[in-house]
Amino acid sequence: MKQTIARWLLRAAGWSLEGAPPAHARYVLIAAPHTSNWDFPLMLLYAAAFDIKVRWMGKHSLFVWPFGGVMRGLGGMPIVRHRAGNLVTSMVAAFEQVDQLVLVVPTEGTRDRTDYWKSGFYHIARQANVPIVPSFLDFSRKRGGFGPGLSTTGNVVADMQYFRDFYAGMVGKFPANVGPIRLREEADL
């Protein structure tokens, strides 16, 4: 029922689904470009339309009353971004404890333009030995879907080239907010 409603809502809004859901039981799901508050409800609709139960990380302020329970019910996990901690280690542990987990990790960490993607998604996938699956919302063609998963190699430049190629030509709601697809670690090489 949820899948049917989600597909109907997307079609009614003029959006189309592209491809099939990933076949993996456990993976890090990245979504780009992330330029608008509309990305979140669309991500939830696409997950429901493809019948994928996602867990996502969001800033802790989204999880306070009166909407905290709703956000958790939608798969949210609060993250305190300004506090130092070992988020990667805790997310790797979450993968080790379950047979199925789709963890949505925000690569840009913001809807504003940024010069570098946050590298947490890469390190979580590498340490948990799970693939990274790219998903997309292309506002220019009003379509969304998934790409093939990438098992990281440890060669960060080559691995990130896969994502640069995958997202080439895709347009966020606010194109001026789209920055380059690169990790700070690439600049250090």
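From (1) open to solvent by 50 Å² or more (accessible area, probe 1.4 Å); (2) at pLDDT 95 or above, pick out the condition that doesn't hold for Asp188.
(2)
For the range 106-122, check the following and say yes or no: at least one residue is closer than 21 Å to Asp39 by Cβ, in contact with a helix residue (DSSP H, G or I) (Cβ under 9 Å, 6 or more places away or on another chain), β-branched (Val, Ile, Thr) and open to solvent by less than 10 Å² (accessible area, probe 1.4 Å).
yes
Considering each residue of the range 107-117, count those that are of a type outside the set (S, T, N, Q) and at pLDDT 80 or above, and give that number.
3
Does the range 134-150 contain any residue that is in a loop (DSSP other than H, G, I, E, B), among the polar types (S, T, N, Q) and surrounded by fewer than 19 Cβ atoms within 10 Å (Cβ to Cβ)?
Scanning the range 134-150, I find at least one residue that is in a loop (DSSP other than H, G, I, E, B), among the polar types (S, T, N, Q) and surrounded by fewer than 19 Cβ atoms within 10 Å (Cβ to Cβ), so the answer is yes.
So, in the range 46-101, of the ones that are open to solvent by less than 80 Å² (accessible area, probe 1.4 Å) and β-branched (Val, Ile, Thr), which residue ends up nearest to Ile5 (Cα to Cα)?
It comes out as Ile52.
Could you tell me whether the range 37-48 includes any residue that is of a type outside the set (Phe, Trp, Tyr), under 13 Å from the mean Cα position of the chain (by Cα) and under 19 Å from Thr114 (Cβ atoms)?
Yes: one or more hits.
The values are calculated or read from the model by the stated rules, or taken from the named source; none is laboratory data. A quick note: this is a predicted structure, and the numbers were derived from the prediction, not measured. Cβ atoms come from the backbone with ideal geometry, glycine included; neighbour counts cover every protein chain shown. Ligands, DNA and RNA are stripped out before the accessible areas are found, and what is left, the full protein with its side chains, is counted by its heavy atoms. Shrake-Rupley method; radii C 1.70, N 1.55, O 1.52, S 1.80 Å.
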